[in-house]
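For reference, the structure is listed below as structure tokens.
A short reminder: the numbers here are calculations on the coordinates, not readings from a lab. Owing to the predicted nature of the structure, the values given are computational and were not obtained by experimental measurement. All Cβ positions, glycine included, derive from the backbone under ideal geometry; neighbour counts span all protein chains shown.
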Amino acid sequence: MTAMVEYETKSVAETEAVAAGLARALGPGSVIALEGNLGAGKTQFVRGLSVGLGGNARSVSSPTYVLLNIYDGGRMPLYHLDAYRVTGAQDFEAIGFEELLEQGGVVVVEWASRVAELLPAETIWVEIEATGETSRRIRIEPEIPGMLKRE
Ligand SMILES: Nc1ncnc2c1ncn2[C@@H]1O[C@H](COP(=O)(O)OP(=O)(O)OP(=O)(O)O)[C@@H](O)[C@H]1O
Ligand SMILES: [Mg+2]
């Protein structure tokens with residue numbers, strides 16, 4: 001059984017703060033799988049990851065059409081992928097997903113369950129659920145040592 005940690009955020013800033021806290025606790029080669037409906041806040045969460053790594057939030061945008069964005073400003077590169085429009089794992093394999101896992105950066109995937117077969121067993125799963133117009137429930141599994149339980 002793995003421990004899970006749950007947050008309740010009331011604003012975009014709070015969601016970004018949870019993500020930044022996670023990013024600060026990550027080592028090279030970490031993989032984060034983001035789940036949640038359209039507009040849940042997955043891309044906002046990636047902004048927070050970028051900030052937590054010491055990079056820039058403003059450069060983060062949805063990679064829906066290009067599949068992969070790379071942010072280099074922080075202490076490790078952040079590889080941001082979106083599987084929303086992929087037809088299958090072969091689309092990710094074609095852009096070199098398996099090589100990305102070995103670059104010593106952090107890999108984050110929106111709509112990750114669509115390419116679940118490619119994700120390592122150590123993947124950190126983050127599920128974001130809208131509980132109101134500006135509130136979200138964020139579940140992170142497993143819990144990462146060094147991450148604050150509550151912001
Ligand atoms: N507490 C919150 N946390 C995150 N986003 C929030 C929150 N409250 C409101 N929002 C809004 O929800 C939206 C989240 O959009 P975002 O692009 O991050 O969603 P997404 O999950 O990436 O969607 P998609 O599946 O289309 O990629 C933004 O418009 C943001 O302002
Ligand atoms: Mg998105």
Handout entry: Residue that is surrounded by the fewest Cβ atoms within 10 Å (Cβ to Cβ), among those in segment 28-52 that are assigned to a loop (DSSP other than H, G, I, E, B) and among the hydrophobic types (A, V, I, L, M, F, W, C)
Key = 38
Completion exercise
Restricted to segment 30-50 and to residues being more than 10 Å from ligand 1 (Cβ to nearest atom) and within 17 Å of residue 146 (Cα to Cα), the residue nearest to the chain's Cα centre (by Cα) is 32
Completion exercise
Taking segment 98-127 and keeping only residues that are more than 21 Å from residue 54 (Cβ to Cβ) and either part of a loop (DSSP other than H, G, I, E, B) or in contact with a helix residue (DSSP H, G or I) (Cβ under 6 Å, 6 or more places away or on another chain) (or both), one is left with 101, 102, 110, 111, 115, 117, 118, 119, 120, 121, 122, 123
Practice task
State yes or no: is residue 20 within 16 Å of residue 125 (Cα to Cα), part of a loop (DSSP other than H, G, I, E, B) and either within 14 Å of ligand 1 (Cβ to nearest atom) or touching a His at 6+ places or on another chain (Cβ under 7 Å) (or both)?
Solution key: no
Handout entry: Some residue of segment 135-146 being buried (at least 16 other Cβ atoms within 10 Å of the Cβ), closer than 17 Å to residue 28 by Cα and within 16 Å of ligand 2 (Cβ to nearest atom)
Key = no
Problem - Only one of 26, 68 that is within 16 Å of ligand 2 (Cβ to nearest atom) and either more than 20 Å from residue 140 (Cβ to Cβ) or of a type outside the set (Gly, Ala, Ser) (or both) - result: 68
Practice task
Would you be able to say whether some residue in segment 31-41 is on the phi < 0 side of the Ramachandran plot, out of contact with any Asp or Glu (no Cβ under 7 Å at 6 or more places or on another chain) and within 13 Å of ligand 2 (Cβ to nearest atom)?
Solution key: yes
Handout entry: Residue check for residue 105: surrounded by 15 or more Cβ atoms within 10 Å (Cβ to Cβ) and more than 13 Å from ligand 1 (Cβ to nearest atom)
Key = yes
